[in-house]
Amino acid sequence: MATEWPTAGEMMTSDTVRADADEPLSAVVGAMRARDIHEVPVLRRGKLVGMVLLEALARRPILPISAKAEHVMVVPPTLSPGDPLPVVAQRLLETGRRAACVVDPRSGRLLGIVSRADLVRASVKEKVLADTPVLPVATPPTRSLREGDSLRSLMADLRPLEESALPVLDKNGRLQGALALRDVVKAFWRPVRPGKRDAAGRERPTDPTVGSLMSRPAVSVPREATVGEACRAMARHSLTSVFVEDGEELLAVFSEGDLLRLAQRQQPGEGVYVEVTGFPPGTDPRLLSDLDRVISRGLHRVGRLLEVRTLSVHVTPRGEKRTGQVTVGLRAHADRDSLWVERSDWDVLRAATLGLEELERQARELKETRQDLRREATSSRVLPPTSIQLTGEPELELKLDRSLPETPRRRRR
């Protein structure tokens, strides 16, 4: 029986903060901080025209207080009230947004907002998602921080923080806390009054450390936890991610994005959803095109062995790892299995090629293991009662044959 998924209209928040296109940005940011939200829809004469995002403000730490909301808004993804949860997840993944606007399909009137946090709360009640083990769908940590690290070093690449909180580790690799995007915004975003010199700007700019703003202790779940338990922890603490630990060892990060990918796999359809992250703005489009061809060829080979539903590709630039090379992490999700591999090289295309070759090897081993298990199960079946084991003694075999129940086949013989 098909799963009855909750719809966008049922999950959305209708009593949401809304801003006028001419409203000053300071008022919008104030509403974000007061309600602890990441996005505010922008209206003009009652009609939806855009959305102000927290991550957009994080990239522009200094803005005039008189700037209008329409100057920093983006085009939001839209949904119909009847769209089910997997469709909502797919739309958020396709656009890379944390929330979508639910609009009336006839009038275009804004009805509410459905965010990733809404999907987290709804997923707790959906057995198809909630009963899934969390570790196979969580993402291995691609980047970690130390308490003494400078926050300004993160300003050049905020993409990891937009996806999930980053773990903060001590010198022994133990989890001490977490740093989220909203922590960075609170540290750096400050409005400036136009027409006056900024006295603070003449001083040396502040350079806070990760330890001074991180949340502690970090919220984590054990490796045996389910997606439902992880979602309950995220909803209870209003978090975008939780960490998966085995004792004091950090194993993975389960984020809202991981939940979206899990939900998107429940959407019937053909093809593989591919998500590529980590490239900085201004990346040569030809490099992205070449990477797309490499991924397509690799997926074609892997697809002969395993039916992949989603493929996540994350590129870690040079300088962020000790090797000084580009690192490409690939995570392939099928209906029942997840494969993970990470490869480093001086060339991003070669690193991706090596990673896809390793995924192909893992998929082949998984297929062979399943075939061996099926053969073992077949050979271990009990022989039917009509089977006779030859003993080498004719008289004994005749007695055994006469003791068997008479069947139509034996009567014909």
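Things to note:
- Between the beta carbons of ARG18 and HIS237, assuming R0 = 30 Å, the FRET efficiency works out to 0.70 to the nearest 0.05.
- Sorted ascending by nearby beta carbons within 10 Å, beginning with the fewest, ILE113, ILE37 become ILE37, ILE113.
- For LEU111, residues with placed amide H under 5 Å, excluding near neighbours: VAL102, VAL103, ASP104
- Spin-label pair LYS47-VAL75: with each label point 7 Å from Cα along the Cα-Cβ axis, the two points sit 1.5 nm from one another.
- Label-to-label distance for ASP36 and LYS171 is 3.4 nm, based on points extended 7 Å past Cα in the beta-carbon direction.
- Neighbour-count order for SER80, SER338, fewest beta carbons within 10 angstrom listed first: SER80, SER338
- Taking the empirical scaling 2.2 N^0.38 Å for compact globular proteins as reference, the stretch 8-123 has a Cα radius of gyration ratio of 1.03.
- Pairs of alpha carbons in the stretch 269-379 separated by more than 17 Å make up 55% of all such pairs.
- Once the Cα-Cα distance is subtracted from the 0.36 nm per residue extended length, the VAL274 to LYS125 segment shows a gain of 50.9 nm.
- Counting Lys and Arg as +1 and Asp and Glu as -1 over every other residue whose Cβ lies under 13 Å from the Cβ of MET11, the net charge comes to 0.
- Distance in nm between pseudo-label sites at ARG301 and GLU249 (7 Å out along the Cβ direction from Cα): 3.0
- Ranked GLU360, GLU10, criterion: other C-beta atoms within 10 Å, fewest first: GLU10, GLU360
No value in this document is a laboratory result; all are computed from the given coordinates. Owing to the predicted nature of the structure, the values given are computational and were not obtained by experimental measurement. Cβ sites come from the backbone with ideal geometry, for glycine too, and all protein chains shown count toward neighbours.
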